[in-house]
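Visitor: Let me give you the structure first, and then I'll get to my questions.
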C-alpha cells in the first residue's frame, strides 16, 4: 500500500454512539446526533470515525449482542439515518468505519432461534453445541470473559452451547462454510452502502480448538483478578485456523476500493503481528493495545516501541491506541498533565493512531455509583473494578444542563467536571488540551515526517523519551518528559532546532540548541536544523 493510502496517513476517532450526542431526548446517543457533530470532527481534523455497534440488538451487552447484522437498532435510528450520515461524512472528507461483531450473535438472532429449536435443524451447526460430560457438567473448563462457565445448558435439546461472553451471546461456529458466507454477505451489505472499513470485534476468538480440550491452569492467577484469568486460553482462542478466516474477510474488502480491515486483538506482540497474515493477506491493522497495557515509564515505552517495530512483518503498517470503550481512560490512568504528553506520543509515533472520543477534552476518571452501573461485566463480577461504565460516559459539548449531550436524563452520569471541561469552552482556549490535540493533528497533516516518516529512537533516560521522525529533508525531534521534574536534553549532534509545539504554553517558535530544557510534564516537537 502506498504511503498516501488514507488509513496509513489518517487518524481514526472512535465514537461510542450511546454517549456521543443524543438528538431525540431519550438520554442515549444516536446516528442523527453523530451527524450533527460532523462539523466538529472535521474541525478537529481527524480522517475517519469508527462507530461502535449500532445493529439491531436486545442490548444485553450494549450492541455487542447482534440480532440482525443488516439492521439498525431503533435506539440509534434507521438505515436511512445511517446512509445520510455516511453521505454527509464523505462530503466532509471523513471516512466511516463500522464495528463488526462476528464471533457471536444475540440469543435473539433468528439464526440461533432456529439452531436451538432442535438437534436436526439445518442451522444447528451454525453454533457450537456439545454434549455434557457423563456427570452432567459442561464439556470442558472454558471460562466466560465476563465470569462463570462459558457453557449454557439448553433444556429443550439437551446440550450445552458455548458463549465466550454473556450467555445471551452464543458463539458462531466459524468452521461452518455457511456461517462464513452469511457473514461475508453482511460485510458486503455495508460496503455497498459506502462503509470504508470495519473494526472486527475479538477477531482472535473466531476459531476454537477442534477437540475442545481443557485450558491449562494459570499459575499466576490471583483472587483479585477477573475469573477469565484462572486459565490460560490456549484452546479457546487464537487458533492457527483463524488466519484463514481473516484472509477471507480481507478478500471481501478487496472487492471494493481502499477499504480497511482492523482487528481487535489482545495478545502479546509476537502473536499480534501474525494477524497481518502471510504475505500481508490478513488484517491491515491488527490493533496494538500495548500503550494501554504497559507502565507509563520512558524506558518501558521505548523498549515496547522498539520491540513492536522489530516484530512487524516486512511492509506491515504499525498502529497505536491509548484508550477505548473497554479500558480506563488515559486521563484516569496517568492524570491530566501527563495525558497531554500522551496525546503528543500517540500523534507522533510512526503508524496509524486511534483516538477515543472525549480524550481530547480531558475526560478523566468518572466515578459511577453502584446503583447507576450498567455494564454486565461489573454486575457479574462486582467489587473487582472491572466495570467499563467510567470510560463510556457522555461527551461534554457545552456548559448547559447535561453538557449539551441530551435534553433528557443521560443513560450514564456525566463527569462532574463537565461544566469546566467542554468543547465549546475549550476550543477557544489556546492552552486547552483540545487546542493541543487540534494543533498536533494539524502538524501531523502538514508534515509527512510525523505521519508516514521514519522513526529513530534518540534516548530513553530517566523520565525522558525522545525520538526522531524523518521524511525527505524534514527532521523532527519529539521529546517527552514522562516525569514531574525538569530535564535537560542534548539535541542530536550538530543540530539546533525550533520548537514547533509544546504541551505547555508559551514556547512556540523558540530556538533551542545544542540542548533543550524540558519542563516537568512537558512534551516538545522540535524541527531540527543542521
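The values are calculated or read from the model by the stated rules, or taken from the named source; none is laboratory data. On a predicted model such as this, the values are computed, not experimentally measured, just so you know. We place every Cβ from the backbone using ideal geometry, glycine too, and count neighbours over all the protein chains shown.
Visitor: Just one of 261, 267, 291 is part of a helix (DSSP H, G or I) and surrounded by 16 or more Cβ atoms within 10 Å (Cβ to Cβ); which is it?
Guide: 291
Visitor: Considering only segment 168-179, state which residues are farther than 15 Å from residue 208 by Cβ and in a helix (DSSP H, G or I).
Guide: Those that are farther than 15 Å from residue 208 by Cβ and in a helix (DSSP H, G or I): 177, 178.
Visitor: So, in segment 221-242, of the ones that are under 24 Å from the mean Cα position of the chain (by Cα), part of a helix (DSSP H, G or I) and in contact (Cβ under 8 Å) with a residue 12 or more places away in the chain, which residue ends up surrounded by the fewest Cβ atoms within 10 Å (Cβ to Cβ)?
Guide: Only one residue tops the list, namely 227.
Visitor: Shifting gears a bit: From the residues in segment 376-387 that are touching a residue at least 24 places away in the same chain (Cβ under 8 Å) and assigned to a loop (DSSP other than H, G, I, E, B), which one is surrounded by the fewest Cβ atoms within 10 Å (Cβ to Cβ)? Write out each step before concluding.
Guide: Here is the first cut: in segment 376-387, the residues touching a residue at least 24 places away in the same chain (Cβ under 8 Å) are 376-377, 380-381, 384, 386.
Retained after the next criterion (residues that are assigned to a loop (DSSP other than H, G, I, E, B)): 381, 384, 386.
Working: 381: 18, 384: 15, 386: 18.
Among them, the one singled out is 384.
Visitor: Yes or no: residue 11 buried (at least 20 other Cβ atoms within 10 Å of the Cβ), modelled with pLDDT of 95 or more and within 23 Å of residue 319 (Cα to Cα)?
Guide: yes
Visitor: Let me ask something else. Has segment 18-41 got any residue that is farther than 26 Å from residue 401 by Cα and touching a residue at least 12 places away in the same chain (Cβ under 8 Å)?
Guide: no
Visitor: Next question, about the same structure. Hey, can you tell me all the residues within segment 169-186 that are touching a helix residue (DSSP H, G or I) at 6+ places or on another chain (Cβ under 9 Å) and closer than 29 Å to residue 379 by Cα?
Guide: The answer is 170, 171, 172, 173.
Visitor: Another one. Among the numbered criteria (1) more than 19 Å from residue 360 (Cα to Cα); (2) crowded, with 22+ Cβ neighbours inside 10 Å, which one does residue 482 miss?
Guide: (1)
Condition check ((1) within 22 Å of residue 141 (Cα to Cα); (2) modelled with pLDDT of 95 or more; (3) under 20 Å from the mean Cα position of the chain (by Cα)) across all residues:
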position	(1), (2), (3)
163	yes, yes, no
183	no, yes, no
200	no, yes, yes
203	yes, yes, yes
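Residue-wise test of (1) surrounded by fewer than 22 Cβ atoms within 10 Å (Cβ to Cβ); (2) within 22 Å of residue 146 (Cα to Cα); (3) free of Cβ contacts under 8 Å to residues at least 12 places away in the same chain.
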{"site": "389", "(1), (2), (3)": "yes, yes, no"}
{"site": "395", "(1), (2), (3)": "no, no, no"}
{"site": "399", "(1), (2), (3)": "yes, no, no"}
{"site": "408", "(1), (2), (3)": "yes, no, no"}
{"site": "413", "(1), (2), (3)": "yes, no, no"}
{"site": "417", "(1), (2), (3)": "yes, no, no"}
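Visitor: Given the conditions (1) closer than 23 Å to residue 507 by Cα; (2) in the same structural domain as residue 349 (by TED's automatic domain parsing); (3) in contact with a helix residue (DSSP H, G or I) (Cβ under 7 Å, 6 or more places away or on another chain), which single one is not true for residue 422?
Guide: The failed condition is (1).
Visitor: Can we say residue 49 is more than 22 Å from the chain's Cα centre (by Cα) and surrounded by 18 or more Cβ atoms within 10 Å (Cβ to Cβ)?
Guide: Against the criterion (more than 22 Å from the chain's Cα centre (by Cα) and surrounded by 18 or more Cβ atoms within 10 Å (Cβ to Cβ)), residue 49 does not qualify.
Visitor: In segment 441-486, which residues are part of a helix (DSSP H, G or I) and touching a helix residue (DSSP H, G or I) at 6+ places or on another chain (Cβ under 9 Å)?
Guide: Within segment 441-486, 441, 443, 444, 445, 448, 450 meet the criteria.
Visitor: Which of the following residues is at pLDDT 95 or above, in a loop (DSSP other than H, G, I, E, B), surrounded by fewer than 19 Cβ atoms within 10 Å (Cβ to Cβ) and not assigned by TED's automatic domain parsing to the domain that holds residue 47: 193, 213?
Guide: The conditions single out 213.
Visitor: Then there's this: Would you say residue 152 is in contact (Cβ under 8 Å) with a residue 12 or more places away in the chain and either part of a loop (DSSP other than H, G, I, E, B) or in the same structural domain as residue 376 (by TED's automatic domain parsing) (or both)?
Guide: In short, no.
Visitor: In contact with a strand residue (DSSP E or B) (Cβ under 6 Å, 6 or more places away or on another chain) and free of Cβ contacts under 8 Å to residues at least 40 places away in the same chain: is that true of residue 517 in this structure?
Guide: yes
Visitor: For residue 160, all conditions in the list (1) in a loop (DSSP other than H, G, I, E, B); (2) without any contact (Cβ under 8 Å) to a residue 60 or more places away in the chain hold save one; what is the number of the exception?
Guide: All conditions are met except number (1).
Visitor: Look at residue 483 and say whether it is at positive phi and touching a strand residue (DSSP E or B) at 6+ places or on another chain (Cβ under 9 Å).
Guide: no
Visitor: A follow-up question, please. Kindly evaluate residue 408 against the criterion of being at pLDDT 95 or above and at positive phi.
Guide: Taking the combined requirement at face value, the residue does not satisfy it.
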